[in-house]
Each structure stands twice: as structure tokens, then as C-alpha cells.
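The values are calculated or read from the model by the stated rules, or taken from the named source; none is laboratory data. Being a predicted model, the structure only gives us computed values, none of them experimental. In this analysis, Cβ positions are derived from the backbone assuming ideal geometry, glycine residues included, and neighbour counts consider all displayed protein chains. Side chains included, ligands, DNA and RNA excluded: accessible areas come from the protein's heavy atoms. Shrake-Rupley method; radii C 1.70, N 1.55, O 1.52, S 1.80 Å.
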Amino acid sequence: TPTPIGVIAHYNLLERLEPSGPGDLYRARDTKLGRTVAVRLLPADFTVDRQRLIEGARGLSALSHPNVTALFDCGEHDARVYLAFEFQKGQSLRAEAAGRPLNVRRAVEIAIQIADAVADAHAHGFGHGGLSPDSVVISAKGRAKIPAFELASQSGFDKNDSSGRLTDYNAPEEARGEPPDDRSDVYSVGAILYETLTTRRPMHRGASAPSASNPKVPKELDDIVLKALA
């Protein structure tokens, strides 16, 4: 058993990971259940209403979707909020693409998995607001996994507190400082699909059809992507 580099509650921290979000992220061992988890330790000043944040995060336990990382636990440690998630072996969607357009069928397959997860989250009253090729993990079995943490923002976190959001793939209304809603996630899914097909992020105004950069993209897919970006 590796020597822990720290301890949070009943989790032995084994390795620091590169976070795609706020705070510190670790691979950890749950000493109660004997399983490997990912533990995120939020900044001390992340929110003024810790209890509401914890309750909002715990609400994620209602979600059970194969393309969403499961939330196991949430609490406080040394005046900081921690969250324990399902640990995923794999790489980011950006790493899988490696700067090249994905095969069209593969890009669509991943987009469908992300969209299905987002639709399920919306049905439970959660929005994401932080989707990007960096935050989506492709598991060792090739399945897309979206992080559950940002999903709590719509019902449990302060909508005016942007510290927990990734902003690279914000919808135009978010870029203008307006609050996001379910349509903002639709935009982000479309932006991710656009980039996996073309290697480029879409412009907020007048995005060209993906087939203009990748002639392998059929017109029917152009229409879907541009509708998501509208």
C-alpha cells in the first residue's frame, strides 16, 4: 500500500492529480470501503454558504448514469469542503483527440454519450456549465464520463459564483455575464462536437459548418451542430 501524502476524513491521499476545476484533486483510498476514489478539496474561500454547497453536492447522489462520475461523499475537513468521486482511469477527450479530428463516427458516439448524460442531469434539475474537452474523461473502456461536480451549480451552488465553472466553452449568454440554463449546456455539447470534428472551437457569431473544415462531415451533422450552437 503506498504511503499517503495526506489524509482527509477517512481518505488516504495517494497522488495529486491535475484538476480541471477549482481546488485540489487527488487519487485517494477510501479506508472504510477499501476502494480508490478521486477527492476534490475546494478552496477555503470557495463559497460563503458551505452548508448549502454541501447539500447541493449531496443532491447529486440522485444521479445514476453510466456517463456521469458518481459522487460518493461530501463533507468538511479543516474548514474546507471536500468531495469524493468515482475514480476514472483514462484520459481527457482533448488528449484522445491529440490535436487531430476524430473519426466522424467516434466523435458522434462521444457526443451522444455526453448529451445523454446532460439530458439526464437536466431531468433531475441539475445543469453543468463546465463542459469542455478537458473536463470530459474517456475511460479505459472508451466511454465518455462527465464530472458531476459542476452539475450541482444549477440547484445547489450560487449561480452568481463563477469560481467553480470552467469558462472555455461558455455559451454566448454566459460570455455576456448572463446566468446559464439548460440551453447553455446544449451549446457546450455542440462546441465539443464541433472541435472534435474540426480541431477548432466555434466562433460565437457566424460559426461555419464543420464540413467546411472537414469534408468527411455529412450535411445532416452540420445541421445538428449548428443548431446546438445557435
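For the chain, the residue among TYR11, LEU60, LEU193 whose Cα projects farthest onto the positive side of the dipole built from Cβ charges is LEU193. Residues of segment 63-90 falling in the label zone of GLU109, defined by backbone nitrogen less than 16 Å from a point 7 Å along Cα to beta-carbon, are 67. Neighbours of GLU15, meaning other residues whose beta-carbon lies under 14 angstrom from its beta-carbon, give a summed charge of +3 when Lys and Arg score +1 and Asp and Glu score -1.
Full extension of the chain segment joining ARG205 with GLU220 gains 3.3 nm, where the gain is 0.36 nm per residue of separation less the Cα-Cα distance.
The figure for PHE87 is an accessible area of roughly 60 square angstrom, using a 1.4 Å probe on the protein chains alone.
Within the shell defined by Cβ-Cβ distances under 15 Å, the residues around GLY142 carry a net charge of +4, with Lys and Arg each +1 and Asp and Glu each -1. Counting protein heavy atoms only, segment 1-103 has 48 percent of its accessible area on carbon and sulfur, 1.4 angstrom probe.
Summary of packing: across the peptides 135-145, 219-229, the per-residue average of other C-beta atoms within 10 Å ranks them, highest first, as 135-145, 219-229. Cross-link reach is defined here as a Cα-Cα straight distance under 19 Å, omitting same-chain residues fewer than 8 places apart; for LYS219 the aspartates and glutamates meeting it are GLU109, GLU195.
Annotation: extensible slack from ASP78 through ARG50 equals 8.8 nm (criterion: 0.36 nm per residue apart, minus Cα-Cα distance).
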